[in-house]
Amino acid sequence: MPFTAHLEELRSRLIRSALAIVAAFSLSFTFADQIFAILTAPLLRLQAPGLSLIGTGVPEAFFTKIKVALIAALFLAFPVILWESWQFVAPGLYEHEKRYARGFVLFGTLLFLLGAYFCYAVVFEMGYAFFLKRYNALGVRPAIRIGEYLSFSAQLLLAFGLIFELPVAAYFFTRIGVLNHRFLIHQFRYGVLLLFLLAAILTPPDIISQILLAVPLLVLYGVSILVAYLARQKNQF
């Protein structure tokens, strides 16, 4: 395909992904209030002294509902985004590589949701507890803006969801012969450095969030080495 044809193909895939997000947004906007309650539950159940969620602008509640619906839409549309991404690169793959499409979408979606759930169930509780204790140490009552809270939370959820894709990426690239477990082991030092750098980029600018993301990143790197080894063994049979 010529370069312009690749651009045309990319545009059509992006349009389909955008339409999937719009459709998911239409659905999630109906349940935005319930989703908002789920997203704020990790903060509110800490029962910090004087804690309150506030709005500081007239339209903030409305835009908060839109933001909540958009966050949910990204998660709902993620399988479609993965599928369209695969279909974009599929013409450049061999026939035996194309059959991994369903597994790529299935396990990619599961790991993305697992990463977001880990963030919601573990990181939110530990991170928010740490931040709220700093207010208590200063003798200040925390009044958290809903817009800032949702932006902070969404950034972490998406970061953890994407980072949990590492084993899927390792399996895919090993199966098509781009890398193997030996390469990942030999590049471990550089991998650790890159993972901490990635954690600093993906998370809000505070050391606790970066550490909370970097630790599971290191675990996932180890899992990726194992996955690459198993994929390599499978290639040999």
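The values are calculated or read from the model by the stated rules, or taken from the named source; none is laboratory data. All values reported here derive from a predicted model rather than from experimental measurement. In this analysis, Cβ positions are derived from the backbone assuming ideal geometry, glycine residues included, and neighbour counts consider all displayed protein chains.
Looking at Pro59, is it farther than 17 Å from Ala159 by Cβ and at pLDDT below 85? Steps first, answer last, please.
Numbers: farther than 17 Å from Ala159 by Cβ: yes; at pLDDT below 85: no.
Taking the combined requirement at face value, the residue does not satisfy it.
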Within the stretch 130-140, is there a residue that is of a type outside the set (Ser, Thr, Tyr), within 17 Å of Gln47 (Cα to Cα) and in contact with a strand residue (DSSP E or B) (Cβ under 6 Å, 6 or more places away or on another chain)? no
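Okay, residues lined up against (1) touching a Phe, Trp or Tyr at 6+ places or on another chain (Cβ under 9 Å); (2) among the acidic types (Asp, Glu); (3) touching a residue at least 40 places away in the same chain (Cβ under 8 Å):
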site	(1), (2), (3)
Ile21	no, no, yes
Ala37	no, no, no
Leu44	no, no, no
Gln47	no, no, no
Leu51	yes, no, yes
Ala61	no, no, yes
Phe75	yes, no, yes
Gln87	no, no, yes
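Identify, from the list Ala199, Ala170, Ala228, the residue that is under 20 Å from the mean Cα position of the chain (by Cα), at negative phi and at pLDDT 75 or above.
Details: Ala199 fails: at pLDDT 75 or above; Ala228 fails: under 20 Å from the mean Cα position of the chain (by Cα).
Only one candidate qualifies: Ala170.
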Which numbered condition Pro42 fails, given (1) modelled with pLDDT under 85; (2) of a type outside the set (Asp, Glu); (3) in contact with an Asp or Glu (Cβ under 6 Å, 6 or more places away or on another chain): (1)
